[in-house]
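First comes the structure, then the notes that go with it.
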Amino acid sequence: MTARTAPRDARRPEPTLLRGVYLPRAADGAAFAMTTYGIPLLVLATTGSAALTGLAFALEWLPRLGAFTVAGTVVDRYGTALIFRTACVVRALVVLAAVLLLTVLDAGGPAATVTVMALATVTGVVTEFSYVAAETAGGEASRTGGVRAHRVQSVLLGIDQKAMLAGPLVSGLLLEHGGPAVMLATLAGFSLAAAALGTRGRTAALSAAPAQGGLRTGWATLRALPALAWLVGGLVVSNCAIALLQAAMPVIVVTELGHSSADAGLIWSAAAVASLLAITAARRAIDRWGLWPVGAAAAAVAASATLAVSQADTYHGYLLLIAVLMAGEGGLTVVLRTLRSHLIPPGVFGSTLSLTILLLLLPFPAAGLLVAAIPPAQLGHAVTAAAGLQALGLAVTFARLRTLPALPA
């Protein structure tokens, strides 16, 4: 019995990293991208209303904030494998139910509107459970990488960006040429694939902390890590501009500029290409110069591009500048994920991760409500104000980080 068991244990680390982290992350990332970018396009195509599109964006993100209050603690208690597979299966079932309803309902009718709005809400919740589980598994993989943790994080982030590259464009093309049923069926397929590929390697709990203490644990950990707290605070301010652009883009491209849903998806796919290239460059740059200089340079690129986007008035201008903006965001994300994996203790990683993501997502539902409330012609002024706030916030953050000794070399 011992002779048969030892070889199996010896072979376990490689499939845990590849099949248990990278492959499930790829399938879930594709479903995440289609959910985030495809469902607002679906709402616009179904209802024809810019206000309802902004409201759907808010409804998609508000439940995610609620999910993060418990998702990290649930992952810490029950393990990444169980929560990841369960969330992916639930998402697939909800999406398939929406497909059945939309095939029998009148397009543009009240029942169809309620269906797509409810779909935005429910998928927002379950998507964040799968995301927290996948991020926690990635954090475990980073800790085993030691000083090369940023390389593991760059691979994971590269997977996310490749999913973002395909997700918005595929969603727009499927919606335009195949209709809502085809797009949603594809989303369900990616969710089921992620559940099937999900790791069975670790189902044990990381922590026995009670669920109601999850956010308190995260707050205590974040306050004890000033470098991480300052970086998260700066990125929250930066995300105000990113969220507003993401919420407003379907309205700007389809309603104001007269382009198609596929063109709207193409903007974010082009941005994903630029971000992917920036991630590769950031990994090599961190090897040479360290976290702080690379983060400061990425912040300068992101802030400059957002200020330029606020003055753009053509489709190609939006496409180019948002690609530059997301390249800067890609570098910032590598820095954030590397810092998280270095500084957060394993026993509270899920709770602290949930808190940091919760803070980073706060601007997104607010941006959706703002887009729903203001006329489309005034969106440019709102973007300009958000761009100025982003530039100020990132400048203050990296000026402060320069003086902190906690950044890993």
Among 206, 192, 266, the single one that is open to solvent by 30 Å² or more (accessible area, probe 1.4 Å), modelled with pLDDT under 85 and assigned to a helix (DSSP H, G or I) is 266
Note: among 92, 97, just one is among the small types (Gly, Ala, Ser) and buried (at least 18 other Cβ atoms within 10 Å of the Cβ), namely 92
Kindly establish whether residue 64 is under 29 Å from residue 348 (Cβ atoms), charged (D, E, K, R) and surrounded by 24 or more Cβ atoms within 10 Å (Cβ to Cβ). yes
Within the range 306-320, residues being part of a helix (DSSP H, G or I) and more than 24 Å from residue 159 (Cα to Cα) number 8
Here the qualifying pairs (Cβ atoms under 8 Å; residues six or more apart or on different chains; first in the range 163-184 and more than 14 Å from residue 270 (Cβ to Cβ) and of a type outside the set (Phe, Trp, Tyr); second open to solvent by 30 Å² or more (accessible area, probe 1.4 Å) and outside any helix (DSSP H, G or I)) come out as 176/260
Reported set for the range 157-177 where residues are more than 21 Å from residue 279 (Cβ to Cβ) and open to solvent by 30 Å² or more (accessible area, probe 1.4 Å) is 173, 174, 176, 177
Only unsatisfied item for residue 287, checking (1) at pLDDT below 85; (2) open to solvent by 40 Å² or more (accessible area, probe 1.4 Å); (3) in a helix (DSSP H, G or I); (4) out of contact with any His (no Cβ under 9 Å at 6 or more places or on another chain), is (4)
Margin query: So, residue 87, is that one buried (at least 17 other Cβ atoms within 10 Å of the Cβ), touching a residue at least 40 places away in the same chain (Cβ under 8 Å) and under 17 Å from residue 184 (Cα atoms) or not?
Written below: yes
Flagged pairs (Cβ under 6 angstrom, 6 or more apart or on separate chains; first in the range 301-330, more than 16 Å from residue 281 (Cβ to Cβ) and in contact (Cβ under 8 Å) with a residue 60 or more places away in the chain; second of a type outside the set (A, V, I, L, M, F, W, C) and open to solvent by less than 40 Å² (accessible area, probe 1.4 Å)) are 303/390; 306/390
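The values are calculated or read from the model by the stated rules, or taken from the named source; none is laboratory data. This is a predicted model, so every value here is computed, not measured. Positions of Cβ are generated from backbone atoms using ideal geometry, with glycine treated the same way; all protein chains shown enter the neighbour counts. With ligands, DNA and RNA removed, areas are computed over all heavy atoms of the protein, side chains included. Shrake-Rupley method; radii C 1.70, N 1.55, O 1.52, S 1.80 Å.
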